[in-house]
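Report on the following structure.
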Amino acid sequence: MTPRPTSTLDRRRRARDLAHLSDLAARREPVDLLVVGGGVTGAGVALDAAARGLSVVLVEKHDLAFGTSRWSSKLVHGGLRYLGTGDVGVAYESAVERGILLARTAPHLVRPQPHVFPLLDSVDAVAAAMVRAGYVAGDVLRRAAGTPAAVLPRSRRLSGVEVQRYAPTVRADGLRGGYAFWDGQLADDARLVVGIARTAAALGARVLTRTAAVEVSGSGAVLRDELTGETLALDARTVVNATGVWAGTLTEGIAMRPSRGTHLVLRAETFGGLSCALTVPVPGHRTRFLLALPTDDGRVYVGLTDEEVEGDVPDVPTASEAEVDFLLDTMSRALRRPLSRTDVVGTFSGLRPLLDAGDDQTSDLSRKHVVLTADDGLVSVVGGKLTTYRRMAQDAVDAALATRGWTTSGREAGPCRTAGLPLVGAADRTTLAGLDAPRRLVARYGTEALTLVAESGGDPAALAPIAPHLPVTPAELAFGVRHEGALDVDDLLERRTRVALVDADRALALAFAEEALALAE
């Protein structure tokens, strides 16, 4: 009898799944759905299809969340920005999906976060009124999406004392209070992708990293194991291209126009105990803002930029000197002590997967996703954003089923059910609060924090931070290898944890990561 699949991804499962695909290829037996791309959209497509009862294979050339999905602001936002640009449909969709993540599918990874906008002397009455009107509109959007105030509080006016309680380093001179608005914050975007992929794996999907799709059509692909160089030709009833900014490299007729968004990484002490997302206007713009975003690992991210990218799309984008200066100068306008280059301990940049729609600036391009079907049946899903990944996946799978004449209510494929399907580790907030495990682990692993602690064998060293300023533990690295598909040091330090955002921290953690990998051999 075939054993029931689990959510565990490791080297052994990868080898078994590749062997199974080789057998299918030899017999020319197709899988129902092949997904190319292991970011949040591709993982979402794999989960949606597997939840409908389809046989699913997801292949990713590098690692889960290798591309755009790990470079976000770590926000699950309700579309407030898109109200300002007139994208009401995108704004509403974002608010609905935010509520689903907060309340049902990922309450262990997504939590409410206050965003504070200080009213400084540089903010005139018109700008202040526009921000307040936007926050009120965001409240209306939250209610329309069905998210109760008990989950996300309504916006409100703050006194100057309250502003500085949230953000101690905001300058006091000229401060006349502020506004607070609540939105969703991710513990980590790469962890969300891994959770989605593992949930798909628990439903039978075969999730294969270091596996490139070198020739792709609407009915299959030639796959290459990047670890051995071996290839196989896999047939599929439907193929979904979920490669984001690289979508145009797999099929003709898709023109992407990516823009780079850069963040700075600073130590938490630079912001003196920041407990909100600090929102600062960009001079000369009424609807553009920067954020300082505190994390649970002793860092603050400051971002982000919007720079059009020309030429070849890099695997790992990098920040320009001009972007670093822009972020430092703009954020410093709101602070008592201006930020300097010495405060920056790291940077990261991601590429927005924008569909080219003409001559508009990239900041004006819609974030609405689009599903396109080529003449050979290859389905591509492009555009969109992290918050709406689930709806993007649903639309892509619906299009894939329609392409082959399948029905979502027939025998072969059930209806989409991901809106009510908790990700691995998820539980209601009362259950999460009662778990007998360190709070930081619960906030990143949910109910699986109990497994992580149990597998540590009660060894205090395994659950101790790697360094006083670096809360990641050896037990987390071991869990990444045993259950989360990490195959090398970079998988562990760049994606399962975010240690490598700071070069000095990566050097401190390197030996621990190598030991975790060695123990799994």
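Which order do Thr388, Thr318 fall in if you start with the one that has the fewest other Cβ atoms within 10 Å?
Thr318, Thr388
State to the nearest 20 debye the size of the charge dipole of the chain about its Cα centre, where the only charges are +1 on K and R beta carbons and -1 on D and E beta carbons. Intermediate results must be reported in sequence, preceding the final value.
Numbers: 59 positive and 64 negative charges, 409 e Å.
It works out to roughly 1960 debye.
Quick one: Karplus J couplings for the range 241-253, per residue in order, coefficients 6.51, -1.76, 1.60, θ = phi - 60°, nearest Hz, x for Gly and Pro?
Using θ = phi - 60°, the values come out as 8, 10, 9, x, 5, 9, 4, x, 7, 9, 8, 7, x Hz.
Kindly list the residues of the range 193-230 that lie in the label zone of Asp490, defined by a backbone N under 12 Å from the point 7 Å along the Cα-to-C-beta vector.
Residues 210 fall inside that zone.
To the nearest 10 degrees, how steep is helix 321-332 against the longest Cα principal axis of the chain, on a 0 to 90 scale?
Value to nearest ten degrees: 50.
Report the convex hull volume per residue for the range 439-521, counting only C-alpha atoms, in Å³.
Hull volume normalised by residue count: 88 Å³.
For Ala507 and Ala15 in the same chain, what is the full-extension length gain: residue separation times 0.36 nm, less their Cα-Cα distance, in nm?
Full extension from Ala507 to Ala15 adds 174.1 nm.
In whole Hz and in residue order, list the ³J(HN,Hα) couplings for the range 138-145 that follow from phi through the Karplus curve 6.51 cos²θ - 1.76 cosθ + 1.60, θ = phi - 60°; x for Gly and Pro.
Couplings: x, 5, 4, 4, 4, 5, 4, 7 Hz.
Just rank Ile196, Ile254, fewest to most, by other beta-carbon atoms within 10 angstrom. Intermediate values should be presented prior to the final figure.
Details: Ile196 32, Ile254 18.
Ascending number of Cβ neighbours within 10 Å: Ile254, Ile196.
If I take the Cα coordinates of the chain and project them onto the principal axes, what are the three extents in Å, biggest first?
Principal-axis extents of the Cα atoms in the chain, largest first: 74, 56, 44 Å.
To test your reading of the geometry: what angle, between 0 and 90 degrees and rounded to tens, separates the Cα axis of helix 503-519 from the longest principal axis of the chain?
For helix 503-519, the angle is close to 30 degrees.
Tilt of helix 40-51 relative to the longest C-alpha principal axis of the chain, in degrees (0 to 90, nearest 10)?
50 degrees
Fewest to most neighbouring Cβ within 10 Å: what's the order for Tyr82, Tyr445?
Ordered by Cβ neighbours within 10 Å, fewest first: Tyr82, Tyr445.
Show the residues, 5+ positions off or on another chain, whose built amide H is closer than 5 Å to the amide H of Val31.
Under 5 Å from the amide H of Val31: Asp235, Ala236, Arg237.
Quick one: which of 324-333, 52-61 comes out on top by average Cβ neighbours within 10 Å, and what's the full order, highest first?
Result, highest mean Cβ count within 10 Å first: 52-61, 324-333.
Using alpha carbons only, how many angstrom separate the centre of the range 172-210 from the centre of the range 71-148?
15 Å
Along the range 102-114, what does the Karplus equation 6.51 cos²θ - 1.76 cosθ + 1.60 (θ = phi - 60°) give for ³J(HN,Hα), rounded to whole Hz, x for Gly and Pro?
5, 9, 10, 8, 8, x, 7, 10, 10, 9, x, 9, x
Name the residue farthest towards the positive end of the dipole of the chain from the options Leu232, Leu493, Gly99, assuming +1 on Cβ of Lys and Arg, -1 on Cβ of Asp and Glu, about the Cα centre.
Result: Gly99, furthest along the dipole toward the positive end.
Quote to one decimal, in nm, the extra length available between Asp296 and Glu29 on full extension: 0.36 nm per residue of separation minus the C-alpha distance between them.
91.4 nm is the gain from fully extending Asp296 to Glu29.
Amide H of Val76: which non-local residues (sequence gap of 5 or more, or other chain) have their own amide H closer than 5 Å, using H built in the peptide plane?
Under 5 Å from the amide H of Val76 lie the amide H atoms of Gly184, Gln185, Leu186, each far enough along the sequence or on another chain.
For the range 429-519, calculate the relative contact order in percent as a whole number, restricting contacts to Cα pairs under 8 Å that are 6 or more residues apart.
About 20 percent, as a whole number.
So if each residue of separation counts as 0.36 nm, and I subtract the Cα-Cα distance between Asp459 and Asp329, what length gain in nm does that give? Numbers along the way, then the final one.
Working: separation 130, 0.36 × 130 = 46.80 nm, distance 4.58 nm.
Between Asp459 and Asp329, full extension yields 42.2 nm more.
Please report, in debye to the nearest 20, how large the charge dipole of the range 429-519 is about its Cα centre when each Lys and Arg carries +1 at its beta carbon and each Asp and Glu carries -1 there.
Using only the charged Cβ atoms, the result is roughly 440 debye.
Take the alpha-carbon positions of the range 69-176, form their convex hull, and give its projected area averaged over all directions (one quarter of the hull surface) in nm².
Answer in nm², one decimal: 8.0.
FYI, it's all coordinate maths here, none of it is from the lab. Keep in mind that what you see is a predicted model, and the values were worked out from it rather than measured. With ideal geometry, Cβ positions are generated from the backbone for all residues, glycine too; neighbour counts draw on all protein chains shown.
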